[in-house]
Amino acid sequence: MPPSFDPPDEQLVERLEEGATAAVEMLYDRYSALAYSHARRIRPDDGLAQDVVHEVFLTVWSDPRRFHPTRGRLASLLLSEVHQRALDLVRREGGPGLQAIPEFVSGDEPAAGPRDARAPGGGSVGAGSAGGSAGSATLVAEPIRDALGQLSPEQRRAVALEFYGGYTQREVAAITGAEMGTVASRTYTAAQRLRRALVPPVMEPDERSGSVRGSVKPRCADVEQAVGWALRVLEPGDEDLFTEHLLTCPACRDMVRRTEDLIWAMAAADEQAEPPAEQRDRLLAAVAASPQISEEQRVRPWPELPPPPPARSPQAYSLAWNPARPVVSSTTSDLAEARRRSARRRRIGLLVATVVVAVIGIAGISLRQFGGARQEQAARANADDAQRILAQLDVPGARHAVLNSPSGQAAAGLLLYDGQIQLASVALPVNNADHTTYVLWEMSGDRPAAVGTFDVHPGDHGLHPVGAQPPQADPSTSYAISIENGRRAPDLPGLVVATGQVAN
């Protein structure tokens, strides 16, 4: 945030609460380019990005307490609101939201754009080939690229899917095959590292004031959830519960503010674009025609919390240092007896420790052997299940295809018979049918063609029709499966989760 804003944001929020429309105008002039650019990053559509900016600044006017200083810095809160509404658009309408994911989300080399679809001959159909500004939206500013480059491939992928793609942590867990706790931990660690790389020091709180050397900063067990809450990637029920928790937890509040500062920093480090000039006039006209909501309906500021108890220095836990400890005088015989007791305790302790280590070692060997046997048994069971499911494709006179995940695991099977394409899920994760869908793509032409959409339900591995087989299909046709935000097939594949080729 530029340091010389006059009047400061806090005063403008106070004026908004008093009903001063000029305050909206000043805030729009300060932050409209930042908000518009970030909205276009998440949802690369100029018209929809303008709608997001319009709604956010209209909210600033109608309910200024949503941006109260107790909740964080206005710039960070404003960009977080833009971020949330742009992600809501991606989740609700699908479309090209995933084009905004940075080019590299896994591996050490930059990968093709997330909506790039690999053609059978080894070429690619890029997102930019669809025309419009969507292709340019995949460019990442150098500071963001450098900061993302400091993350592990798994952390980059989690951040890309959540921050730019609009997927919740539960959906990222299903897509990547990781546990929910692992996804939350990756997101938390990545956010911490990105914040250190991108957030200017002037925005960091002064942690030295009032601290005691050697003290430990208070930490909540739910602090990883705070990052997910700020990024709006928790499930709705979890988000509501965590909102209640924030009212009483200073550690999680602090983490929410830090994550919102990260959203601001990533937007500020990106390429900036000014919204159309008429957008300002349209907003001011809407502000003049829209009354503010009543005091009773406005969002309440976060309540003030008592400061945490003062941290104690490590010396405070040492009885030898404690001046309140009574001083006891001892004779020579007392000291000798104390030394003998101490030696006996050390010998007994050493014997007990030796026995415990031996028991743990024997148990560890047994557990490893037992665990290895269980893993081998589970692998055989999974292979048997896959063979049983794929056996449905063995129909006389039909052609079929096995579609594999990027790791090489069989993910789905296709049966092409009597002019129809049927699909059986082998290992596709269950999708959220409220706002995501799988899409089957035919890849043999110059441009991927959507065959049909489908959902994956728990335990369902039967064949289901997906679409019609092209009348003049190439015998070596390739197919791909992608998972998409929204309930419609987009123009180009989004996150491709399986690919394969038809076998005669």
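The values are calculated or read from the model by the stated rules, or taken from the named source; none is laboratory data. For clarity, every value in this text was computed on a predicted model and none was experimentally measured. Virtual Cβ from ideal backbone geometry, glycine too; neighbours counted across all protein chains shown. To get the accessible areas, we keep the full protein, side chains included, count just its heavy atoms, and leave off ligands, DNA and RNA. Shrake-Rupley method; radii C 1.70, N 1.55, O 1.52, S 1.80 Å.
Restricting attention to region 286-297, which residues are farther than 12 Å from residue 61 by Cβ and either open to solvent by less than 50 Å² (accessible area, probe 1.4 Å) or among the hydroxyl-bearing types (Ser, Thr, Tyr) (or both)?
Across region 286-297, the qualifying residue is only 294.
I need a count of the residues in region 4-22 that are open to solvent by 40 Å² or more (accessible area, probe 1.4 Å), small (Gly, Ala, Ser) and at pLDDT 90 or above.
Adding up the residues that qualify gives 1.
Could you tell me which residue of region 427-453 is most open to solvent (accessible area, probe 1.4 Å), considering only residues that are among the aliphatic types (A, V, I, L, M) and out of contact with any Leu (no Cβ under 7 Å at 6 or more places or on another chain)?
By that ranking, first place goes to 430.
Just to be sure before I move on: is residue 165 modelled with pLDDT under 85, open to solvent by less than 50 Å² (accessible area, probe 1.4 Å) and at positive phi in the structure I sent?
For residue 165, the condition - modelled with pLDDT under 85, open to solvent by less than 50 Å² (accessible area, probe 1.4 Å) and at positive phi - is not met.
In region 253-306, how many are among the polar types (S, T, N, Q) and more than 30 Å from residue 142 (Cβ to Cβ)?
Going through region 253-306 one residue at a time, the tally reaches 4.
Can we say residue 57 is more than 23 Å from residue 44 (Cβ to Cβ) and open to solvent by less than 10 Å² (accessible area, probe 1.4 Å)?
It is false that residue 57 is more than 23 Å from residue 44 (Cβ to Cβ) and open to solvent by less than 10 Å² (accessible area, probe 1.4 Å).
Considering only region 235-280, state which residues are β-branched (Val, Ile, Thr), surrounded by fewer than 19 Cβ atoms within 10 Å (Cβ to Cβ) and either in a helix (DSSP H, G or I) or in contact (Cβ under 8 Å) with a residue 60 or more places away in the chain (or both).
Within region 235-280, just 243 meets the criteria.
Of the conditions (1) open to solvent by 20 Å² or more (accessible area, probe 1.4 Å); (2) touching a helix residue (DSSP H, G or I) at 6+ places or on another chain (Cβ under 6 Å); (3) outside any helix (DSSP H, G or I), residue 44 fails just one. Which one is it?
If we test residue 44 against (1) open to solvent by 20 Å² or more (accessible area, probe 1.4 Å); (2) touching a helix residue (DSSP H, G or I) at 6+ places or on another chain (Cβ under 6 Å); (3) outside any helix (DSSP H, G or I), just (1) comes out false.
Could you list, in sequence order, all residues of region 411-423 that are surrounded by fewer than 20 Cβ atoms within 10 Å (Cβ to Cβ) and either farther than 16 Å from residue 469 by Cα or not small (Gly, Ala, Ser) (or both)?
Result: 417, 418, 420.
Considering only region 229-281, state which residues are farther than 30 Å from residue 436 by Cβ, at pLDDT 90 or above and polar (S, T, N, Q).
Answer for region 229-281, where residues must be farther than 30 Å from residue 436 by Cβ, at pLDDT 90 or above and polar (S, T, N, Q): just 279.
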